[in-house]
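The values are calculated or read from the model by the stated rules, or taken from the named source; none is laboratory data. Everything numeric in this text was worked out from a predicted model, so none of it was measured. Here the Cβ positions follow ideal geometry from the backbone for every residue, glycine too, while neighbour counts run over all protein chains shown. To get the accessible areas, we keep the full protein, side chains included, count just its heavy atoms, and leave off ligands, DNA and RNA. Shrake-Rupley method; radii C 1.70, N 1.55, O 1.52, S 1.80 Å.
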Amino acid sequence: MLDAGVVPEHYTVICGHRRLAAAKEAGLKEAPCIIVEMTEKEQIQTMLLENMQRKNLKLYEEAQSFQMLLDFGDSVEDISQASGFSTTTIRRRVKLTELNQERLKEVVDARPIPLGDFEKLSQLEDISERNELLKYIGTSDFQLHLNVALRQQAMNKELPKVKAWLKSNKIKKLPAGNTYSIEYEKLGDWNDFDLKDWAAALKKIPKLKPDKNYFYTIDEYSCKLNLYLYKPAERRKRSKAEIEAEKRLNMAWEYMDKKASEMRDKRKAFIDQFTVTKKNESAVLNGAVLRVMAASFHYFNFNNDNLFTFLGVELKIGDSNNWNNLFDAYRKCKKDSLAKIIYLMWGDDEKLQYPTESTYRHAWPTWSINRILTPLYEWLESLGYEMTQEEKDLMTGKDKIYVKDTELPESSEPVPAEGTAENQDGESGAV
């Protein structure tokens, strides 16, 4: 028996700290105990094993405890026998000590995580990749990001052999922007040359001709090798009529660029000076409804950087608090900001919106209803915006620009056609 009130200085409580505290609280004079002689190492080992019997021990605490016991010289089998944990569990827990412990503690404390997710994570050989994916573990996005990382891991193992083969066959990297050029013929199907299994992909590559020029690209996301045969287009002499037609086409699109920019600036200026009142608040909120309805028929996104900036929130890549910060800032913003916030969600100040959805610049501008601008104008007009007759004509297909070879403003300067170089003798060829 030990005096429950005072533990002699030359004794150290190894196990039963809580039981001793409870005895003191209950007013007991004595408490049963077992006195043993232990080295410092044995004391720590015993305390660790005793702590591991607790059911509420965190995952990272178990991992750290197992690692400390191993550091003291215990084997996995010794720890298994003393703790009751299987050797497989011990090895898996110890594997967790390789991870960034601060991040591990953060995610384990934040949400329940299936133990199987940590086993999946261990498939990644690069510890930095594992630490990067820690922020997704236990979420619905984890498997997606893990699959991408595993694909890239498999590809990276094969990449030296792939690059050696490309070099031996004098296959050059395809210049940026030429992927869809008609001068480059793609070999095989999209799924043919999978870099996760280069030996299998190699068998599918057709026999290369020594007198031809071949190019390649590597899609790191899907881990595919794409091969192309270069077939240059023949240069031909163009007539003056063809050159004149190209100039007029460029002038037509310059007209469209100018009008689209003017229309956007006018819409933006209206919102910038708009005031939200109790009377128009319902109409303002209707803009958010129209935005969602428009997106259900025609997918379009917007640059949320502008929204974050307007609300005074710093966007941090990969920060899980972005979502909370954005909504907190919105809840604190003044009612006057409501119209501007909804307008930003339309993305109208981003990529230039033309009054027609037909924006193929190698053909004369033709009209088709713009499924973004049409409901946007409906909303703005409900707030008091007044469309000019020119805006109405451009939005409804009545503007003269939609008539091919119409008379164009004389002030327009011809712009060289994209991807061509003109010569004074009337010849043009690919740049």
The condition of being small (Gly, Ala, Ser) and closer than 20 Å to Lys58 by Cβ holds, among Gly73, Gly138, only for Gly138
Regarding the stretch 147-166, can at least one residue be identified that is open to solvent by less than 70 Å² (accessible area, probe 1.4 Å), within 30 Å of Ala63 (Cβ to Cβ), of a type in the set (S, T, N, Q) and not in a helix (DSSP H, G or I)?
no
Can we say Phe85 is over 30 Å from Tyr230 (Cβ atoms) and either of a type in the set (D, E, K, R) or part of a helix (DSSP H, G or I) (or both)?
no
The stretch 281-292 residues that are farther than 16 Å from Phe270 by Cβ, paired with ones that are at pLDDT 90 or above and surrounded by fewer than 17 Cβ atoms within 10 Å (Cβ to Cβ) (beta carbon under 6 Å, 6 or more apart)
none
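Results for (1) at pLDDT below 90; (2) touching a Phe, Trp or Tyr at 6+ places or on another chain (Cβ under 7 Å); (3) under 20 Å from Ile271 (Cβ atoms), shown as yes or no for each residue.
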{"residue": "Leu352", "(1), (2), (3)": "yes, no, yes"}
{"residue": "Ala363", "(1), (2), (3)": "no, no, no"}
{"residue": "Leu380", "(1), (2), (3)": "no, yes, yes"}
{"residue": "Lys400", "(1), (2), (3)": "no, no, no"}
{"residue": "Ser411", "(1), (2), (3)": "yes, no, no"}
Which pairs do you get when a residue that is within 21 Å of Leu249 (Cβ to Cβ) and touching a residue at least 12 places away in the same chain (Cβ under 8 Å), found in the stretch 378-404, comes within reach of a residue that is of a type in the set (Gly, Ala, Ser) and crowded, with 16+ Cβ neighbours inside 10 Å, reach meaning Cβ atoms under 9 angstrom, with the pair 6+ apart or on two chains?
Leu394/Ala260; Ile401/Ala252; Lys404/Ala252
Reported set for the stretch 188-213 where residues are under 20 Å from Ala164 (Cβ atoms), more than 30 Å from the chain's Cα centre (by Cα) and outside any helix (DSSP H, G or I) is Ile205, Pro206, Lys207, Leu208, Pro210, Asn213
Which numbered condition trips up Ser282, out of (1) polar (S, T, N, Q); (2) open to solvent by 50 Å² or more (accessible area, probe 1.4 Å); (3) farther than 30 Å from Lys334 by Cα?
(3)
List pairs: first residue in the stretch 246-266 and under 30 Å from Tyr385 (Cα atoms), second residue among the β-branched types (Val, Ile, Thr) and in a helix (DSSP H, G or I) anywhere in the structure, Cβ distance under 6 angstrom, at least six positions apart or on different chains.
Tyr255/Ile401
Residue under question is Ala294, and the condition is that it be in contact with a Pro (Cβ under 9 Å, 6 or more places away or on another chain), of a type in the set (A, V, I, L, M) and closer than 20 Å to Tyr402 by Cα; does it hold?
no
For the stretch 141-178, enumerate the residues that are among the small types (Gly, Ala, Ser) and touching a residue at least 40 places away in the same chain (Cβ under 8 Å).
Ala154
What's the number of the only condition in (1) modelled with pLDDT of 90 or more; (2) touching a Pro at 6+ places or on another chain (Cβ under 7 Å) that Glu183 fails to meet?
(1)
